[in-house]
Amino acid sequence: MDTIKQRPAERRLAKPVMLFIFSAFLLLGLKDFNWFSFVLAILAPLAIYASTLLLPKLFPADTLLLALVNFLCALGILTLYRMDPERGISQIITYGIGLGVMVMGILYIRFWQRLKATVPIVAVAAVVLMALPVFFGEERNGAKAWIALFGVGFQPSEIVKLAHLVVLAFLLSRRRVLASVLFAGVSLVLLMLQKDLGTALLYYAITLIMVFSATGSLTILGLGTAGAAAGAVLGYSMFSHVKRRVAIWIDPWADPRGSGYQIVQSLIAIANGGLWGTGLGLGNASVIPEYSTDFIFSVILNEFGVLFGVCVVAVYALIFIRGISIAMRSRSKFHTLLALGCSSFIALQAFVIIGGNIKLIPLTGVTLPFVSYGGTSLISSLGIMGLLQGVASVNLEDIKEDQMIALIGEEN
């Protein structure tokens, strides 16, 4: 689609998002008479405008995708700032870093022909980084997935997501299926050793999706599905925290003040919000211990209502559909597989955490992309969008090249 034709649609979407964020921070400022809320009422909409409409002027990009992602990032900052101003400010800083990583992802794919020789280095670095928590990790909620370097804590598996997508897309585009499976298998083994089964589920599912898309083999799909079922049974039998989460999912009311406390409070918060929500700043979801990470979707439903929550789910669906559209328009197998993997990663992760919040599936402990509090989570999500935007940028360049060739042909 021509970039000129896209702009009015993105401007129409960006303006209501900017108005929503402006009004929300203004209301928070009037509620508490906090001068910083008034500052954010001006700066947050300007940041959305700059990253949605000005960034594509530096290089071709899918501005609709930018608008959707920036809406979710702004919603996350708003929700976190309302619940805990300190975390909200931290999220703003992380968002700025994440935008830088997104730009780096775009440039990496735009100059892929010159940089594809770095894939072996990326693969080795990914394995080393993934192995660090096994030896030096810090255990949280049953998983040993965090490490600290120079006083800064982060989750290596979040960063490795980017390398995982690039390496798999590269290997599968060259029909090196066995090598791609071995690379993914190493990551999965290390995640199992970390007891981070939620992230392992995402890695496994994305690997299966990309391998099946590259090969079209129903045998691989069947074996992969059987392997997932076997892994689930093995994980359940080996790890006590997995058994506990399944038991909580089946009946959280069996121990509402103990192990089931979080999911019970999440369901109560959702019920209290109803269709229209309690109103910004009037909710009671702060009683959920992990409200800023695992249960931030419950906070949104509590204060903004179920109808707004449905709109948030629709935004994730649109991001996935847009990503698949970018994949279908790509001319190389590498770009197609990379765009498919990126869009599937975001969609699947959103489904897993939203499903856990509303008790559709057992809670796995992953974060809601672009919204949940957490430096590595937000940075990796924006980095994945950078890879996807890089593919979109290449597609737009190809379209411009075709138009130029057609124009030259008409002149001749």
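In terms of packing, defined here as the mean over residues of other Cβ atoms within 10 angstrom, the peptides 112-120, 384-392 line up highest first as 384-392, 112-120.
Using C-alpha pairs under 8 Å with a sequence gap of at least 6, the mean separation divided by the residue count of the range 3-411 gives a relative contact order of 21 percent.
When the chain is treated as a Gaussian network with alpha carbon springs shorter than 10 Å, the biggest mean-square fluctuation among Trp146, Trp35, Trp276 belongs to Trp35.
Quick one: putting +1 on the C-beta of Lys and Arg, -1 on the C-beta of Asp and Glu, what dipole do you get for the range 3-411 around its Cα centre, in Debye to the nearest 20?
Working: 29 positive and 20 negative charges, 111 e Å.
I would put it at about 540 debye.
Fewest-first ordering of Phe71, Phe25 by other beta carbons within 10 Å of each residue's beta carbon gives Phe71, Phe25. Rounded to the nearest whole Hz, the Karplus-based 3J(HN,Hα) values (6.51 cos²θ - 1.76 cosθ + 1.60, θ = phi - 60°) of the range 102-115 follow the sequence 4, 4, 4, x, 4, 5, 4, 6, 4, 9, 4, 4, 8, 10, with x at glycine and proline.
Provide the gained length on full extension for the span Arg174 to Val186, in nm with one decimal, where the gain is 0.36 nm per separating residue minus the Cα-Cα distance. Don't skip to the end; give the middle numbers.
Numbers: separation 12, 0.36 × 12 = 4.32 nm, distance 1.99 nm.
Difference between extended and current length: 2.3 nm.
Note down the net charge around Val69, summing +1 for each Lys or Arg and -1 for each Asp or Glu among other residues with Cβ under 11 Å from its Cβ. Once positives and negatives cancel, what remains is 0.
What is the calculated FRET efficiency for Trp276 to Leu318, with r their C-beta to C-beta distance and R₀ = 30 Å, to the nearest 0.05? Could the numbers behind the result be given before it?
On the way: r = 23 Å, r/R0 = 0.76.
That gives a FRET efficiency of 0.85.
Partners of Lys359 within straight-line reach, counting lysines whose Cα lies under 30 Å from its Cα and excluding those fewer than 8 residues away in the same chain: Lys144, Lys161, Lys195, Lys243. Cβ crowding within 10 Å, taken as a proxy for footprinting-reagent exposure, orders Ile92, Ile106 from fewest neighbours to most as Ile92, Ile106. Counted by neighbouring Cβ atoms within 10 Å, the residues Ile77, Ile93, Ile319 run from fewest to most as Ile93, Ile319, Ile77. The distance separating the Cα centre of the range 49-117 from that of the range 228-272 comes to 33 Å. Only lysines eight or more places from Lys57 in sequence, or on another chain, were considered; those with a Cα closer than 26 Å are Lys5, Lys15, Lys116, Lys400.
Every read-out reported here was derived from the displayed coordinates using simple, explicitly stated rules and does not represent laboratory data. From a predicted model like this one, the values you see are computed outputs, not experimental measurements. Virtual Cβ from ideal backbone geometry, glycine too; neighbours counted across all protein chains shown.
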